[in-house]
């Protein structure tokens, strides 16, 4: 189904499937002469795990099945799940006045459906009795969808019943109202092509003949059931009733209904209508954010390693070009019995790409959802490289990992998870963002407790070193907010940067033990893999030791390192409550490359960063993210930031748009390289750029991409 160009958000949704491969190809840039990493990856990435469930490789189905009902989701979904299985979407009315005569979709329903991994399909009903003009009805539906937080690109289907006939001019004005708005929503109609909708097919074709853009700008949901629906399975794939020849003017049918109000002959079913939706257009459905969630850190453990001869379920299943790997997250035990519970909404993973045969990009997303037009990890051929990923869990507590080019192995380590808290007071795991703060830099004269006095304070091979992360360093008189020293911080968000090591190596970060002691052995996991002579960061979320301290390990050679703090998670006893986390399927909000070169437009299109240039990136209120004007505005965002093909050695610093440029960095890139790092960054809380972040580039000209994985609110 094609649609008219519409807004930039619509164009982005339309092109997601087409451009995802193109984007990842553009992100993958092979640098000549790059040497293979010779780390002995069996030692580098080894971890002993229990036996796993069988590996699964996802496959895109032709259709999604779902339900629509007058009753709230909480009252009909459980019965649907017990008799038919978990629906992939549910259609509900907007507003309180509708054909059902019952309350429409509520915020609590949105949260419930999200917790059940169920997409939301929006239905609009007339707000007036004037069926000749659809302008007011469209404006009302748009306002209702916005008040619930539905993102741009979501379709709103106008209900057409026998009791609410509409005219040619209504169809035209309904469409025109959507096109003239800045909402980015897609107009649609629910109707019966053969009976029950009056002359809708004829009126629709007449409207198309007057306004040709309707033929590609409006989507349709057919009310015509399958002829033999009485003998069908509730989840059986059914052909759309409105085929391309009926009506003759166009066919933009994306959904169809083949069971009305229960009654399969196979048994007793809940009072719901059963529908199907074209999976190729599932971006028209609302994938609501998962949350609110609080963070629980875990001792890192491996759930997947595709190399042969290990104990994970992924063993022997390397990712091939264009391949997708499903990874079970919930219910998998680590060596000490730690695991992610089925109640988890999202998970924190360290994903390592191992010795790819070509430069590639990996995308991590919830299993069962559409492949997003985003990336998490960009890596050259024959390199081992890791990136932290925060991702919503999909169906069955799984995530999917897509590989763009070549063949490679991957390792996936769990670091923690977000889940709904048990109570409303003294909640542990809530986030407290701070502006980026450099707490440790082992290079000489850099003004932190780690700094060398006469030479660099290098970390040697097989060595651990302890770092206290609370308080303000003496070398930063501007420090105003830091990790508290009163033991109320349970975990901390750090950016670990490896600086110019003498050998290929890996690094790891763990909480310090009693009395500030560090481990004496080799860690069973890694946070950062880096070549010799290279500067490379990775984000780490790590529990704190009793003295607000962590231990940093280096495997081979001697190396400098930097720790920048971006915030901390409380233990529930802090004096000021922190923020809850809301996860979404990855969402691209900024790409500074020209729209013509990538096939879509974002708010940053054409704004390549120059030397010492700063780009302000609006976050709050963009593409369905909560606005600053709401009663509970977002305070921080988790986003994957990718540096694309710069002209010089450089680094990015990402920080609140109302703050001064801090002494910190988030991402280091060499000329021509595409490299990503996860950012957990505070949003500007006030001023002209409230709700935004600044991205600073140090040297040369370079493009930047920002993909949102969730926010704190």
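Descriptive notes on the structure:
- With a Förster radius of 41 Å applied to the C-beta separation of residue 474 and residue 424, the computed FRET efficiency comes to 0.55.
- Overall form of the stretch 529-623 per C-alpha gyration tensor (a/c, 1.5; a/b vs b/c): oblate
- Each Cα pair under 8 Å and six or more residues apart adds its sequence gap; the mean of these over the residue count of the stretch 431-570 is a relative contact order of 39 percent.
- Cα centroid of the stretch 372-404 to Cα centroid of the stretch 560-639, whole Å: 19 Å
- Normalised by the number of residues in the stretch 302-372, the average gap of Cα pairs under 8 Å and 6 or more apart makes the relative contact order 17 percent.
- Using a Förster distance of 25 Å, the FRET efficiency for residue 279-residue 146 (Cβ separation, nearest 0.05): 0.40
- The stretch 325-475: relative contact order in percent, alpha carbon pairs under 8 Å with at least 6 residues between: 24 percent
- Fully extending the segment from residue 453 to residue 180 would add 91.9 nm, taking 0.36 nm per residue of separation and subtracting the current Cα-Cα distance.
- Overall form of the stretch 584-651 per C-alpha gyration tensor (a/c, 1.5; a/b vs b/c): prolate
- Three-way shape call for the stretch 453-599 based on the alpha-carbon gyration tensor, with the a/c threshold at 1.5: oblate
- Counting all C-alpha pairs of the stretch 308-389, share separated by more than 18 Å (%): 51 percent
- Label-to-label distance, residue 71 versus residue 115, with points set 7 angstrom from Cα along the beta-carbon direction: 1.9 nm.
- For the pair the stretch 268-291 and the stretch 494-531, the centres of their Cα atoms are 45 angstrom apart.
- For the pair residue 102 and residue 699 in one chain, pulling the backbone fully straight at 0.36 nm per residue adds 209.0 nm over the alpha carbon distance.
- Entry note: the stretch 488-556 has Rg to Rh equal to 0.99, where both radii use alpha-carbon atoms and Rh is the Kirkwood radius.
- Stretching residue 686 away from residue 444 to a fully extended chain increases their span by 83.5 nm, per 0.36 nm per residue minus the current alpha-carbon distance.
Values quoted throughout were computed directly from the atomic coordinates according to the rules given, and no laboratory measurement underlies them. A quick note: this is a predicted structure, and the numbers were derived from the prediction, not measured. Every residue, glycine as well, gets a Cβ built from its backbone with ideal geometry; the counts of neighbours run over all protein chains shown.
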